[in-house]
Amino acid sequence: MDPSFEHHPDQVDVAVDGTEQLRYEKREPADVRRLLGALVSARALVTAQIVPGSISCPTAVLAVDNDTVLLDGHPQEPINQRLLQAHHLVCTSQLDRVQIRFRVQRLQRVDNEGYTAFIAPLPASVIELQRRETYRLQIPPMQPVLCRLPADDGEDEGAELRVLDLSAGGVALAAAEGFALPGSSRLGGCTLLLPDAPPIVVELSVAHSYIEHTRNGSQRLRIGCRFEQLAPPAERAIQNYIFRVERQRSARERRAV
């Protein structure tokens, strides 16, 4: 395993097993520069988790060259001081619904046209997690989908988490920042609650989780899961739901033209 992605006891970052990491990790400098350059072009929001500690803050990749990467500073000076004192930052972002994850360290403060920025050595690798093999639907906020997790000992019902996106291959769940994931990465007996459809019992495998910043400035835990041994009737129900929502969305867009 690349030491730049070692587990740290103070980290609250993406949990990726060894097989997943090897499959999606890019180590060639040209690939690292390409992916970070794409973040620059997209002006993508990046969440930087300060290690050690549990503080995270928004930033952005401003520029990339052969040997260094330039990150945006923070409007609050105390946060900039924490960034300087950090052993390293675990950075996560998204490009076309694909999660990008990398680690930077040895930050140095620089002036960027009158604004605070930080320069750091080019990351040794970037994880591009994961290319979607099936269409993934962003769940409309006004038509929420929930997933009920298995109940803990002594509880009648498990937690119900909001579904952020859904495909026949997996699901992304939203939880409060302090939500405690179960000890096992395999969650049997989960129930997917689709609108106007019977509950669907599914088995989930947690692929990754990380704290992300939402557009309104709040934070949440995003949990990416794969379906394990999804039964054909359950897959058909999910595909029918996706098709129905996409058809409704297309109809609204046509009426708006």
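The values are calculated or read from the model by the stated rules, or taken from the named source; none is laboratory data. What you are looking at is a predicted structure, and each value in this text was computed from that prediction instead of being measured. Note that we place each Cβ from the backbone using ideal geometry, even for glycine, and neighbour counts take in every protein chain shown. For the accessible areas, the whole protein counts, side chains as well, though only heavy atoms, and no ligand, DNA or RNA atoms are used. Shrake-Rupley method; radii C 1.70, N 1.55, O 1.52, S 1.80 Å.
Per the Kirkwood treatment, what hydrodynamic radius in Å, one decimal, follows for region 77-226 from the mean inverse distance over all distinct Cα pairs? Working shown, then result.
Details: mean 1/r = 0.0562 Å⁻¹.
Kirkwood radius, region 77-226: 17.8 Å.
Multiply the residue gap between ALA180 and ALA151 by 0.36 nm, knock off their C-alpha separation, and tell me the result in nm, one decimal place.
Details: separation 29, 0.36 × 29 = 10.44 nm, distance 1.32 nm.
Full extension of this stretch gives 9.1 nm more.
Could you state the accessible area per residue of region 48-158 in Å², with a 1.4 Å probe and every protein chain left in place?
52
Say the dipole of region 149-257 comes from +1 at the beta carbon of Lys and Arg and -1 at that of Asp and Glu; which of TYR241, ALA207, LEU230 then lies farthest toward its positive end?
Selected residue: TYR241.
So between GLN248 and THR68, what do we pick up on full extension, going 0.36 nm a residue minus the alpha carbon distance? Don't skip to the answer; put the middle values down first.
Details: separation 180, 0.36 × 180 = 64.80 nm, distance 4.61 nm.
Separation in residues times 0.36 nm, less the Cα-Cα distance, equals 60.2 nm.
Would you calculate the volume per residue, in Å³, of the smallest convex hull containing every Cα atom of region 175-257? Please list the in-between numbers first.
Numbers: hull volume 10.9 nm³, N = 83.
Spread over its residues, the Cα hull of region 175-257 gives 131 Å³ apiece.
If you take the C-alpha gyration tensor of region 71-127, multiply each eigenvalue by 5 and take the square root, what semi-axes do you get, largest first, in whole Å? Could you put the intermediate results ahead of the total?
Details: eigenvalues 91, 36, 24 Å².
Over the Cα atoms of region 71-127, the semi-axes work out to 21, 13, 11 Å.
Would you work out the relative contact order for the chain, in percent, from Cα pairs under 8 angstrom that are 6 or more residues apart?
Worked out over the chain, it gives 15 percent.
Relative to the present Cα-Cα distance, how much length would full extension add between GLN81 and ALA256 at 0.36 nm per residue of separation?
Working: separation 175, 0.36 × 175 = 63.00 nm, distance 4.82 nm.
Fully extending the segment from GLN81 to ALA256 adds 58.2 nm.
Suppose each label sits 7 Å from its Cα in the direction of the beta carbon; what would the ALA30-GLN94 distance come out to in nanometres?
Output for this residue pair reads 3.0 nm.
Once the Cα atoms of helix 29-42 and of the chain are each reduced to a long axis, what angle between those two axes, in degrees from 0 to 90 to the nearest 10, is obtained?
Orientation of helix 29-42: about 70 degrees from the principal axis.
Evaluate the Debye formula for region 41-84 with equal point scatterers sitting on the alpha carbons, no solvent, and hand back log10 of I(q)/I(0) at q = 0.16 Å⁻¹, in q order, two decimals.
-0.46
Per residue, how many Å² of accessible area does region 172-226 show with a 1.4 Å probe? Walk me through the numbers before you get to the answer.
Working: 2560 Å² over 55 residues.
Ligands and nucleic acids excluded, the result is 46 Å² per residue.
Please compute the modelled spin-label separation between GLN105 and TYR135, points set 7 Å along Cα→Cβ, answer in nm with one decimal.
4.4
In Å, what Kirkwood hydrodynamic radius results for the chain from the alpha-carbon pair distances? Walk me through the numbers on the way to the answer.
Numbers: mean 1/r = 0.0505 Å⁻¹.
Answer for the chain: a Kirkwood hydrodynamic radius of 19.8 Å.
Assigning unit charges at the beta carbon (Lys, Arg +1; Asp, Glu -1) and nothing else, what dipole magnitude in debye, to the nearest 20, does region 142-257 show about its Cα centre?
Taking the Cα centre of region 142-257 as origin, the dipole is about 860 debye.
Expressed as an acute angle from 0 to 90° and rounded to the nearest 10, what is the orientation of the C-alpha long axis of helix 232-256 relative to the principal long axis of the chain?
For 232-256 against the chain, the angle is about 70 degrees.
Under 17 Å from a point 7 Å along the Cα-to-Cβ line of TYR115: which residues of region 29-53 have their amide N that close?
Counting only backbone N, you get 39-48.
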